[in-house]
Amino acid sequence: MDRFDLENELTNLSKISDDIKTIASQVMDGTLDRDDVFAALHGLAILHDARYAIAWDIFLQVFKLEEYSDLNDNEENVDIMNNSESYTNYMKNVFAKYDYPDKDKSVWY
């Protein structure tokens with residue numbers, strides 16, 4: 001990871017504004033009901049939190065902070081970070097704080 005990866009992820013954080021404008025437009029058109037608006041906004045909140053977590057993690061990697069402070073070109077540590085299982089576990093931790101709907105529910109409550 002380098003500063004360009006960080007810049008790209010920070011730019012991704014601004015996409016939430018376009019998403020909110022799209023939902024607002026559909027609300028004004030009357031194409032979304034109350035449950036749809038709730039589900040869309042809740043989904044955007046989850047997406048934004050995930051984007052933020054990714055950007056923060058890249059920030060820590062770029063500046064070699066916290067758990068990345070001992071990388072210093074150590075091949076073993078770099079291999080661990082590039083391991084897809086490590087990334088999967090990281091994303092599971094990001095999403096673990098959210099309650100997802102039961103199979104019989106159509107929206108989050």
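Readers should treat all values here as calculations from the given coordinates under stated rules, not as data from a laboratory. Keep in mind it's a predicted model, so treat the numbers as computed, not measured. A quick note on method: Cβ atoms are made from the backbone with ideal geometry, for glycine too, and the neighbour counts reach across all protein chains shown.
Some values worked out for this structure:
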quantity	calculated
Projected label distance in nm at residue 65 and residue 25, using a 7 Å step from Cα toward the beta-carbon	3.6
Total formal charge among the other residues, if their Cβ is under 13 angstrom from that of residue 44, Lys/Arg +1 and Asp/Glu -1	-1
Values of log10 I(q)/I(0), in the order q = 0.11, 0.17 Å⁻¹, for the stretch 1-70 under a Debye, Cα-only, solvent-free model	-0.38, -0.67
Sorted peptide list for 7-13, 50-56, 31-37, criterion being average Cβ within 10 angstrom, highest first	50-56, 7-13, 31-37
